[in-house]
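The values are calculated or read from the model by the stated rules, or taken from the named source; none is laboratory data. Everything quoted here is computed from the prediction, not taken from an experiment. Positions of Cβ are backbone-derived with ideal geometry, glycine not excepted, and every protein chain shown enters the neighbour counts.
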Amino acid sequence: MIPYALSLLAAFLVLWVPVSESDHDAYRERGTAITDAAQKLLQRELSAAMQAGGPPTAVAYCHSRAQQVMDSISAATGVQVRRVTDRARNEMDRPQTEAEESVLRMLTSAYDGPSETIIETDGPLVHYYRPILIKEPCLACHGTPGETISAETMDVIKEAYPNDQATGYRVGDLRGMWHLTLKRDDAGDGH
Ligand code: HEC
């Protein structure tokens, strides 16, 4: 845990551009508003698909729609929106930069409950990270095969994602994190 925390701290110090606390608060607010909205949108579409045909239909829905939802939010807000995880279902959600890797490692190893957001500045960019936790309804597709995940659902998952690693979670586990990349003036504070 400590080496990752230290490397994160080192990266943070190198990249650090002074911004006032109130700027941080503005980016935090904006990031939280966007991830709240994204979460709600995914949730709404997911429960509609679940009602229409249960988990197998909903898996097919996520397969075709989840990345599109992310892209449309990025297009609408001008903020790059990603979900990142160390146990990926969709390969695109693996860490793609060293910063993503180290923040994720830090959250994974140090995680003990609170859903703290992290703000980092990097030149003209601001990175916003927020943990994603497993809740009860997630277990139908991210829990234990044969227990919370039906055989039928598992078949659909395996077919769409042959290298799936996103099972075996329990309620409260860290599933991954949101990573938003904002431009320095995206919080609308004129800086
Ligand atoms: C009906 C099945 C289903 C349910 C229920 C479900 N997921 Fe997923 N989840 C998926 C699928 C399928 C993907 C891959 C989506 C894609 O291709 O982008 C996925 C991807 C993800 C990802 C992106 C990382 C990755 O591994 O690709 C996160 C984070 C995630 N789910 C969290 C959750 C959380 C938290 C819940 C509960 C609130 C939940 N999921 C409920 C099926 C489900």
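Hey, does the stretch 143-158 have a residue that's at pLDDT 95 or above and touching a strand residue (DSSP E or B) at 6+ places or on another chain (Cβ under 6 Å)? Within the stretch 143-158, one or more residues are at pLDDT 95 or above and touching a strand residue (DSSP E or B) at 6+ places or on another chain (Cβ under 6 Å).
Only one of the numbered conditions (1) at pLDDT below 95; (2) closer than 14 Å to HIS179 by Cβ; (3) among the hydroxyl-bearing types (Ser, Thr, Tyr) is not met by THR85, and that is (1). The single condition among (1) at pLDDT 90 or above; (2) touching a Leu at 6+ places or on another chain (Cβ under 8 Å); (3) more than 15 Å from the ligand (Cβ to nearest atom) that VAL103 does not meet is (3).
If you scan the stretch 28-44, which residues turn out to be surrounded by 17 or more Cβ atoms within 10 Å (Cβ to Cβ) and not aliphatic (A, V, I, L, M)?
Step one: of the stretch 28-44, the residues surrounded by 17 or more Cβ atoms within 10 Å (Cβ to Cβ) are 28, 30-31, 34-35, 38, 42.
Of everything in the stretch 28-44, those that are surrounded by 17 or more Cβ atoms within 10 Å (Cβ to Cβ) and not aliphatic (A, V, I, L, M) turn out to be ARG28, ARG30, GLY31, THR35.
Taking the criterion of being part of a helix (DSSP H, G or I) and acidic (Asp, Glu), the residues of the stretch 53-91 that qualify are ASP71, GLU91.
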